[in-house]
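Worksheet: one structure, shown below.
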Amino acid sequence: MDKISYDTYVSLSADRNRRKEFRAYSNVIPGESAFDFRVVPNPDLVVDIPDDIELENAMQAGNGIERTARRLAFNLDRIFNRKKPVLVAEGDSWFQFPILIDEILDHLSDTFAILSLAAAGDTAENIVDGPEQSGGREYMINLRKQKEHVRAFLFSAAGNDIIGEDPQTGKSALFDIINDFDPARTDIDEHINAVVLQERLTSLRDAYTRVITDVRAEPGLETLPIIVHGYDYTFPYPHFENDPRNPIHAANNEWLGQPLDQRNFPTATQAQRDLRRNIVIRLIDQLYDMLDDLAQTHNDVVVVDCRGAMSEVTDWADEIHGTDEGFAKVTQRFRVALNGALTGG
């Protein structure tokens, strides 16, 4: 690869159309949590790097730089690509994974002008009830601003309540939902704490209901399509004896494998590793049951069923996020749902 100047590198960081090129010139420094990493220029490929690079806010990988880049892309689309349908999106890392992975909104941006409010690590509780300075209920502020143009509202906010982690404590959501391993238990449901799971699902349902009610109460948005999803059947680490996943931004077992290990679920045989995955599958199915019931209760709510889209371990960059190619497969299901919702099909 040809070397580039530091100024060129900074320009690449703000250009969402050249993200792969930007990654190629970068090194990643892991942080204390999965989304606390830093992206810095590779000194072997970038010349004239300032001595005070540690102070360069432009190189802080995370929700801030990603949101700024996406807002710029949206504004440019509204100026130069007026025919693109407008979407407003709120949610978690499936809608915004900073810089390192092209997720759903990245793949949809070729067809839609997307005003993204998403933030990696966000929870349904913060989105709905959090303070405005941390993103609470900003979806309504922006939906009002885009009322004359918006064609659909995309909402993704259950992952960190079921298979992710509390962004404040860093504690795995899965740990409290599962029971300690007992070889005498033969039913998958016996490995799940039904009380805790029901509490989580009830809380999520309340949050989603609040979002839907907010949108429907706004004049002009009474029939705006609301697109939601319940994630895919992921693979706790390790799923195979030589599981190939080795993310640079997180531990191999960051979200699922670690709490399963802490609950003493073994991984010596494929049957034992399959049990771990089947528990997660059951939780995902329960989440979809809740969302499907919600969609039957409220008009113009569409559930995108992502289950089985990323069917191979190699579709996943880590335990809960797809690779660029994996998320492209999920995005195809969003395209179908959006085409149906926007054409009345």
Original post:
Restricting to the stretch 243-257, what's the tally of residues that are surrounded by 18 or more Cβ atoms within 10 Å (Cβ to Cβ) and more than 16 Å from Ile192 (Cα to Cα)?
Top reply: 8
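Looking only at the stretch 210-232, which residues are farther than 24 Å from Ile99 by Cβ, part of a loop (DSSP other than H, G, I, E, B) and in contact with a Leu (Cβ under 9 Å, 6 or more places away or on another chain)? Break it down stepwise before answering.
So the first thing to find is which residues in the stretch 210-232 are farther than 24 Å from Ile99 by Cβ, and the list is 210-228, 230.
Now narrow it down to the ones that are part of a loop (DSSP other than H, G, I, E, B): 218-225, 230.
Listed by number, the residues that qualify are Glu218, Leu221, Leu224, Pro225, Gly230.
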**OP:** Return the pairs, sorted by first residue and then second, in which the second residue is surrounded by fewer than 18 Cβ atoms within 10 Å (Cβ to Cβ) and part of a helix (DSSP H, G or I), the first residue lies in the stretch 328-341 and is touching a residue at least 60 places away in the same chain (Cβ under 8 Å), the beta carbons are less than 7 Å apart, and the residues are 6+ apart or on different chains.
**Re:** none
Original post:
Can you tell me which of Ala271, Ala207, Ala158, Ala173 is more than 26 Å from the chain's Cα centre (by Cα), small (Gly, Ala, Ser) and in the same structural domain as Ser311 (by TED's automatic domain parsing)?
Top reply: Ala271
Original post:
Counting residues that are at pLDDT 90 or above and of a type in the set (A, V, I, L, M, F, W, C), which helices (runs of 4 or more DSSP H) fully inside the stretch 1-100 reach at least 1?
Top reply: 19-24, 63-80
Original post:
If you go through the stretch 232-242 one residue at a time, do you hit one that is surrounded by fewer than 16 Cβ atoms within 10 Å (Cβ to Cβ), closer than 26 Å to Asp285 by Cα and among the hydroxyl-bearing types (Ser, Thr, Tyr)?
Top reply: no
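Given the criterion modelled with pLDDT of 95 or more, touching a Lys or Arg at 6+ places or on another chain (Cβ under 9 Å) and loosely packed, with under 15 Cβ neighbours inside 10 Å, identify the matching residue among Asp285, Asp300. Lay out the reasoning, then the answer.
Values: Asp300 fails: loosely packed, with under 15 Cβ neighbours inside 10 Å.
Being modelled with pLDDT of 95 or more, touching a Lys or Arg at 6+ places or on another chain (Cβ under 9 Å) and loosely packed, with under 15 Cβ neighbours inside 10 Å holds for just one of Asp285, Asp300, which is Asp285.
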Original post:
Taking the condition in contact (Cβ under 8 Å) with a residue 60 or more places away in the chain, in a loop (DSSP other than H, G, I, E, B) and not basic (Lys, Arg), does Ile127 pass?
Top reply: no
**OP:** Please verify whether the stretch 248-260 includes one or more residues that are more than 16 Å from the chain's Cα centre (by Cα), farther than 21 Å from Lys171 by Cα and modelled with pLDDT of 95 or more.
**Re:** no
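Restricting to the stretch 108-148, and then to whatever is β-branched (Val, Ile, Thr) and under 17 Å from Trp94 (Cα atoms), can you tell me which residue is modelled with the lowest pLDDT?
So, considering only residues that are β-branched (Val, Ile, Thr) and under 17 Å from Trp94 (Cα atoms), the one modelled with the lowest pLDDT is Thr123.
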Subject >> Search result, residues across the stretch 204-260 that are under 21 Å from Asp305 (Cα atoms) and of a type in the set (Gly, Ala, Ser) >> reply: Ala207, Gly230
Original post:
Is it fair to say Gly322 is surrounded by fewer than 18 Cβ atoms within 10 Å (Cβ to Cβ) and closer than 21 Å to Ile104 by Cα?
Top reply: no
Original post:
Filtering the stretch 167-201 down to residues that are at pLDDT below 95 and in contact with a strand residue (DSSP E or B) (Cβ under 8 Å, 6 or more places away or on another chain), which residue is farthest from Val280 (Cα to Cα)?
Top reply: Lys171
**OP:** Of all residues in the stretch 207-237, count the ones that are aliphatic (A, V, I, L, M) and free of Cβ contacts under 8 Å to residues at least 12 places away in the same chain.
**Re:** 1
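The values are calculated or read from the model by the stated rules, or taken from the named source; none is laboratory data. None of the values given here were measured: they were computed from a predicted structure. In this analysis, Cβ positions are derived from the backbone assuming ideal geometry, glycine residues included, and neighbour counts consider all displayed protein chains.
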